[in-house]
Every structure is written in C-alpha cells, then in structure tokens.
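The values are calculated or read from the model by the stated rules, or taken from the named source; none is laboratory data. The structure presented is a predicted model; accordingly, all values stated were derived computationally and were not measured. Virtual Cβ from ideal backbone geometry, glycine too; neighbours counted across all protein chains shown. Accessible surface is based on the protein model in full, side chains and every heavy atom, while ligands, DNA and RNA are left aside. Shrake-Rupley method; radii C 1.70, N 1.55, O 1.52, S 1.80 Å.
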Amino acid sequence: LALRNVDIAQMCGADGVFLINHGTMCNKELLELYSVVCEKHPDFWIGMNFKGLSNRDALSLMPDNTCGLWTDHAGITDTSDREAQEFVQDCAKSEWKGMYFGGVAYMHQEPVHDLARVAKRAVQFMDVITTSGDRSGIPPSPQKVTTIKNAVGEMPVAIAGGIGFENVHLYPKADCFLVSRTISKSEFELDPKLVKEFEDELDHDPYEAPMCMAS
C-alpha cells in the first residue's frame with residue numbers, strides 16, 4: 001500500500017513524500033519500508049517522521065541518505081531553544097545532510113505567545129519552519145502563517161495538516177504543504193483524483209510553485 005501511495009504521489013505531481021510510522025508500525029518496520037520505497041523510487045524525494053521518538057533518537061536511526069526529517073517539536077519556546085541548539089550540534093556531527101522540517105508553534109506543544117520572535121529564532125536551527133493548527137486535521141489560521149513568514153523572510157515555511165484544494169488559496173505565504181487526510185480516500189490510502197486536484201490548485205496564480213509533500 002505504501003508503494004502504491006508513493007506511485008500516486010509521484011504520478012500526480014507531488015514534490016516528495018514523508019513516510020510516517022502511524023498506527024502500530026514500529027521504527028524497525030518504518031526503516032524497512034523506507035528501504036523498499038527507495039529501491040523502487042531512487043530519484044524521488046523521500047523523507048521520514050518517527051512519531052514518538054526524540055529528535056536525537058530519530059536522527060540516530062535514520063539512514064544518512066534520507067532526503068528529509070520532519071519532527072513535531074523543534075525545541076523552541078518563548079523562553080528556551082536549548083533543545084534546538086543540541087539537535088543542531090547532533091546534526092553537525094552526523095553524516096546526514098538532508099532537509100530538516102522542524103515543528104514550530106506546532107500542535108500539542110507549549111503555547112507560543114510571541115510568535116514572530118520565536119519564528120525568527122527558529123531560522124538558525126532548521127531548513128523549513130513547519131507549523132500546524134491546534135489539533136490534527138485542523139489548519140492553522142492564515143494570520144498565523146503570515147506572521148511566521150513575515151518574521152522569517154526568505155526562510156521556507158511549511159504547513160502540516162488541514163490543507164486541501166478548497167482552502168489552500170488562503171495561504172499564499174506558505175512555501176510547502178504536508179498533506180494526507182485531505183488527499184486520501186481512507187486513513188492509509190491516497191486518492192489520485194484528490195492529489196491531482198490539490199496539485200493543480202498549486203499551479204494556479206497567485207502561487208509560485210510551492211512544494212506539495214504527501215505524508
């Protein structure tokens with residue numbers, strides 16, 4: 001099923017996919033799945049998200065050739081960025097050189113009160129600032145994304161969750177969309193028609209070809 005989902009994502013124009021250990025899948029199974037998917041799609045952008053693991057543990061498990069790592073918590077709050085600093089040091093010592101999508105003002109984290117200030121501090125710690133709504137499947141407010149983007153300038157900003165072809169036009173400031181439920185026909189199965197509709201919407205003005213990542 002995962003291979004079929006990746007086939008659909010690539011065929012319908014997604015820029016890449018994230019493999020995530022949803023449900024009962026253990027970390028070992030996720031790594032085995034990654035190996036199989038990479039063998040079939042050696043030239044496609046493939047990232048990973050290890051739910052439930054610390055950033056450090058995810059980095060230690062992830063193959064060095066992984067295109068991207070997405071974590072829900074980059075370790076940046078209103079009062080501290082110690083965890084983010086430690087993770088940057090871990091990455092510098094590792095052989096992994098992919099893109100880091102770090103969760104900032106993300107669901108289930110400590111609430112952020114000065115969003116612009118936190119976003120500016122996040123720039124030095126990741127490649128793509130990744131934010132979300134308050135709950136899974138709920139999009140962030142357009143103002144939240146605009147505030148982050150205005151604070152970080154050219155730094156890419158991604159939205160995880162709650163974005164579909166019917167509301168993506170509300171987020172012209174976003175650079176990347178990590179989508180799953182809104183382009184799926186079941187919990188674990190992408191819908192080719194919905195993926196294509198979403199990708200087609202990104203190709204229309206006023207968008208400047210933002211990235212679409214299926215997860």
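A few points about this structure:
- Label positions at Gln124 and Arg181, each projected 7 Å from the Cα along the C-beta direction, are separated by 3.6 nm.
- Candidate values (1) 44, 39, 28; (2) 51, 44, 31; (3) 55, 42, 33, label of the one derived for Cα extents along the principal axes in Å: (1)
- Taken per residue, the accessible surface of region 84-215 reaches 49 Å², heavy atoms only and a 1.4 Å probe.
- Residue-averaged 222 nm ellipticity for the chain, from DSSP H runs of 4+ at -39500 (n - 2.57), nearest 500: -10000 deg cm²/dmol
- Among Arg181, Arg121, the order of accessible area from largest down is Arg181, Arg121, computed with a 1.4 Å probe on protein heavy atoms.
- Point-to-point label distance, Lys193-Ser35, nm (Cα→Cβ direction, 7 Å offset): 3.8 nm
- Within the full protein context, the accessible area of Asp15 is estimated at about 70 Å² for a probe radius of 1.4 Å.
- Computed from the C-beta positions of Ser94 and Cys26, the FRET efficiency with R₀ = 22 Å rounds to 0.50.
- Rounded to the nearest whole Hz, the Karplus-based 3J(HN,Hα) values (6.51 cos²θ - 1.76 cosθ + 1.60, θ = phi - 60°) of region 103-120 follow the sequence x, 10, 6, 9, 4, 6, 8, 4, x, 9, 9, 10, 4, 4, 5, 5, 4, 4, with x at glycine and proline.
- Order of exposure, largest accessible area first, which applies to Lys120, Lys149 with probe 1.4 Å: Lys120, Lys149
- For the pair Glu110 and Gln85, the difference between a 0.36 nm per residue extended length and the Cα-Cα distance amounts to 7.2 nm.
- Accessible surface for Ser54 stands near 60 Å², nearest 10, in the context of the full protein assembly shown (1.4 Å probe).
- In region 1-111, the portion of solvent-accessible area held by carbon and sulfur atoms comes to 51 percent [1.4 Å probe, whole percent, DNA, RNA and ligands not counted].
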